[in-house]
Amino acid sequence: MMLRRTFLALATGVAAIGLGLGGASAQELPKLKKKDHYKVGFAQTESNNPWRIAQTESMKAEAAKRGDQLVYTDAAGSAAKQVADVNSMIAQGVDLIFLAPREEKPLIPAVMAAKKAGIPVILLDRNVDQSLAKAGRDYVTFIGSDFVDEGKRAAEALTKAMDGKAKIIQLEGTTGSSPANDRRKGFEDYIKAHPGMQVVASQSGDFARDKGRQVAETLLQAHPDATAIYAHNDEMAIGAIAALEAAGKKPGKDVIVVSVDGTRDALQAIIDGKMLATVECNPKFGPKAFETLDRYAKGEQIEPWVVNTDRFFDKSNAAQLIADAY
Ligand code: GYE
């Protein structure tokens with residue numbers, strides 16, 4: 001009798017563990033074992049702008065400081081390459097992957113492949129489509145700025161400077177990327193309440209300086225009466241300033257330029273009176289990224305979004321802060 005009961009209890013216990021494990025591998029987030037030193041992946045999107053370069057430097061510096069090994073890849077502007085990069089990190093057996101997903105949807109398979117392989121993913125600076133993957137279930141967390149708010153703050157500054165009246169050219173970031181989607185939304189939602197503020201044209205400049213210049217050139221030809229340019233990042237804003245000057249217009253006077261990031265060139269353009277303002281988006285993720293990794297390894301429950309707070313640069317503080325800009 002005793003024996004039989006023990007056997008039954010054991011059998012039930014084993015079955016329960018079995019079920020639990022089955023459920024866990026299909027559903028739960030991979031854990032991270034605490035170690036003195038980690039081998040972590042960082043899958044970067046591209047390196048064609050100072051923001052990306054500053055971010056990579058910050059990640060490399062922090063890994064070096066901790067004696068961790070960083071497996072670094074650069075997707076060179078291709079979401080398909082970035083997926084392949086993540087797969088190669090999985091094959092190399094990294095402990096965790098920091099991923100800056102170039103676009104919201106195409107990087108979902110990479111997130112899921114890492115999860116399936118038992119490797120936790122922390123998203124850096126850009127997010128993935130929230131209907132397809134979720135923090136705490138498919139990846140640990142998203143560390144980054146509130147892009148909707150950045151767009152709103154850019155709109156606020158422009159509306160104020162233009163007394164609520166402007167014909168705006170919008171230079172959008174990479175199509176399908178979370179900062180482009182959200183910076184557009186934040187800006188457009190804000191100006192809805194100001195009927196004098198009109199977006200007359202909106203096109204992607206892929207977050208790149210030269211593409212921004214080319215797109216601005218074309219849109220300025222089609223809309224010579226534009227009075228403002230809102231660029232989703234500083235590199236495109238700098239490109240747009242070049243396009244304005246080439247068209248014989250004075251940036252900062254004939255056409256008011258506003259954007260997001262806080263690069264050295266943008267702060268210089270503000271000092272030179274060619275740009276109104278830029279909303280900060282800080283690229284120096286290293287310390288926060290690795291601190292989050294440590295918290296996760298300790299078994300802490302990580303919030304789904306580790307929010308970066310952003311400053312604001314305009315002529316009141318650009319000269320003072322340019323020394324620290326990247
Ligand atoms: O604003 C831009 C970069 O994803 C937040 O991407 C980032 C953006 C940043 O290329 O300059």
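The values are calculated or read from the model by the stated rules, or taken from the named source; none is laboratory data. Computed from a predicted structure; not experimentally measured. Cβ placement follows ideal geometry from the backbone for every residue including glycine, while neighbour counts extend to all protein chains displayed. In case anyone asks, the SASA skips ligands and DNA or RNA and just uses the protein heavy atoms, side chains included. Shrake-Rupley method; radii C 1.70, N 1.55, O 1.52, S 1.80 Å.
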Using only alpha carbons, build the gyration tensor for the chain and give me the equivalent ellipsoid semi-axes, biggest first, whole Å.
-> 45, 20, 17
Carbon plus sulfur fraction of accessible area for segment 147-281, probe 1.4 Å, in percent = 48
Enumerate the residues in segment 302-326 having an amide nitrogen under 18 Å from the point lying 7 Å beyond the Cα of residue 271 toward its Cβ.
-> 312-326
Cα atoms only, segment 96-153: Rg and Dmax in Å?
-> 11.5, 40
If you average the sequence gap of Cα pairs under 8 Å that are 6 or more apart and divide by the length of segment 154-304, what percent do you get for the contact order?
-> 21
Amide H contacts under 5 Å for residue 145, restricted to residues at least 5 apart in sequence or on another chain and with H modeled in the peptide plane, are 308
Per residue, accessible area of segment 19-136 with a 1.4 Å probe, heavy atoms of protein chains only, in Å², comes to 43
From the phi of every residue in segment 131-140, what ³J(HN,Hα) in whole Hz does the Karplus formula 6.51 cos²θ - 1.76 cosθ + 1.60 yield, where θ is phi - 60° and glycine or proline is x?
-> 7, 10, 8, 10, 5, x, 10, 9, 9, 5
Whole number in Å², please: accessible area per residue of segment 176-326, 1.4 Å probe, ligands, DNA and RNA not counted.
-> 44
Which translational diffusion coefficient, to the nearest whole µm²/s, is obtained for segment 147-281 from the Stokes-Einstein equation, given a Kirkwood hydrodynamic radius over C-alpha pairs, 10 °C and 1.306 mPa s?
-> 114
Degrees separating the helix 209-222 axis from the principal Cα axis of the chain, which is the longest one | 50
DSSP beta bridges in the chain, what fraction antiparallel, as a percent rounded to 5?
-> 5
Which angle from 0 to 90°, rounded to the nearest 10, does the C-alpha axis of helix 147-161 make with the longest principal axis of the chain?
-> 20
Summing -39500 (n - 2.57) over every DSSP H run of at least 4 residues in the chain and dividing by its residue count gives a helix-only mean residue ellipticity at 222 nm, to the nearest 500 deg cm²/dmol, of -14000 deg cm²/dmol
Which sequence of 131, 78, 145 reflects their accessible areas, 1.4 Å probe, from the largest down?
-> 131, 78, 145
Using only alpha carbon pairs under 8 Å that are at least six residues apart, calculate the relative contact order of the chain and give it in whole percent.
-> 17
With all protein chains present, calculate the accessible area of residue 102 using a 1.4 Å probe and round the result to the nearest 10 Å².
-> 20
If ligands, DNA and RNA are left out, what is the accessible area of residue 324 with a 1.4 Å probe, given in Å² to the nearest 10?
-> 120
Taking Cα atoms, the helix 2-27 axis meets the longest principal axis of the chain at an angle in degrees (rounded to 10) of 20
List every residue whose amide H lies under 5 Å from the amide H of residue 202, counting only residues 5 or more places away in sequence or on a different chain, with H placed 1.01 Å from N in the peptide plane.
-> 170
Added length on full extension, which subtracts the Cα-Cα distance from 0.36 nm per residue, residue 84 to residue 61 = 5.8 nm
Report the extension gain between residue 117 and residue 314 in nm, rounded to one decimal, defined as 0.36 nm multiplied by the number of residues separating them, less their alpha carbon distance.
-> 66.3 nm
